[in-house]
Structures are given as structure tokens and as C-alpha cells.
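What follows is a set of notes on a single structure, which appears directly below.
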Amino acid sequence: QVHLVESGGGLVQPGGSLRLSCAASGRSFRTYTMAWYRQAAGKQREWVAHITSSGTTNYADSVKGRFTISRDNAKNTVDLQMKSLKADDTAVYYCNTRFPASWPWGQGTQVTVAS
């Protein structure tokens, strides 16, 4: 049984930074493309960024240049470094596989950007 646990969220002022982390247990994600998604209140969950097994990254236009995704296959973790945060980045952030998101969703981690 795969289990995803996201952490690192919190309250941050506009322009601030946060680093999110996702740990997977129950299965190695070494061969998977891993992604971060987010869901703002009242909106559908959206893809934010992904990283392939070989380390190629891709980002949604809304976060390009501000967010950086990375992975550590030895630790089975995938991180999301977020900087220059905006109010529009406020959401619950989740990690999962990409193409498709096929593992059970974790509880997510709340990111709130407010002054």
C-alpha cells in the first residue's frame, strides 16, 4: 500500500518562501514521474510541476521561475521549493505520480500566503 505524506506548509507573507516535502512509503518512486498539485478553496485540483525519473522538470506557467521541484530517489522524497509567493498560491498542496496521478492522495499540506 502506497502512502504519501506532504509537509512543510504554513502561513507566509507575500514575497516569502517555503519548501514543501513529500515522502512516499510502500513503493519506490524511482521509475515514476512525480508531481506536485494544488487545490485552492472552491477550485479543482491543478497540476503545478513534475519531475521525471531522469530529472527533467516542467512547470505550470503560473509558477515558472518561482518554484523548483527536486527529488531524492534514495530517500523516496520529492520537494517543492517555492519563492516569491503570491496570494494566488494559497492552496492545499499534494504530491502524486503524473500521467496519471495514480496513487492514493495524501492529506496534503496547507500553504497560506497572506500579510
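By accessible area, using a 1.4 Å probe on protein heavy atoms only, the chain has 48% of its surface on carbon and sulfur. Of all lysines in the structure, those lying under 26 Å Cα to Cα from LYS86, and not within fewer than 8 positions of it along the same chain, are LYS43, LYS64. Couplings for the stretch 78-84, taken from phi via the Karplus curve 6.51 cos²θ - 1.76 cosθ + 1.60 with θ = phi - 60°, read 9, 10, 9, 8, 10, 9, 6 Hz in order; Gly and Pro are left as x. Taking the DSSP beta bridges with both ends in the chain, the antiparallel portion is around 90 percent. Excluding residues on the same chain fewer than 8 positions from LYS83, give the aspartates and glutamates whose Cα lies under 15 Å from its Cα. Once the sequence-local aspartates and glutamates are set aside, what remains near LYS83 is ASP61.
Around the amide H of ARG71, modelled in the peptide plane, lie the amide H atoms of ASP79, all under 5 Å away and 5 or more residues distant in sequence or on another chain. For the stretch 19-29, putting each phi into the Karplus relation 6.51 cos²θ - 1.76 cosθ + 1.60 with θ = phi - 60° gives couplings of 10, 9, 9, 10, 10, 10, 10, x, 6, 6, 9 Hz, in residue order, rounded to whole numbers and with x for Gly and Pro.
With protein chains left intact and a 1.4 Å probe, residues in the chain average 51 Å² of accessible area per residue.
The values are calculated or read from the model by the stated rules, or taken from the named source; none is laboratory data. Just so it is clear, the model here is predicted, and its values are computed rather than measured. Calculation scope for accessible area: heavy atoms of the full protein, side chains included, ligands and nucleic acids excluded. Shrake-Rupley method; radii C 1.70, N 1.55, O 1.52, S 1.80 Å.
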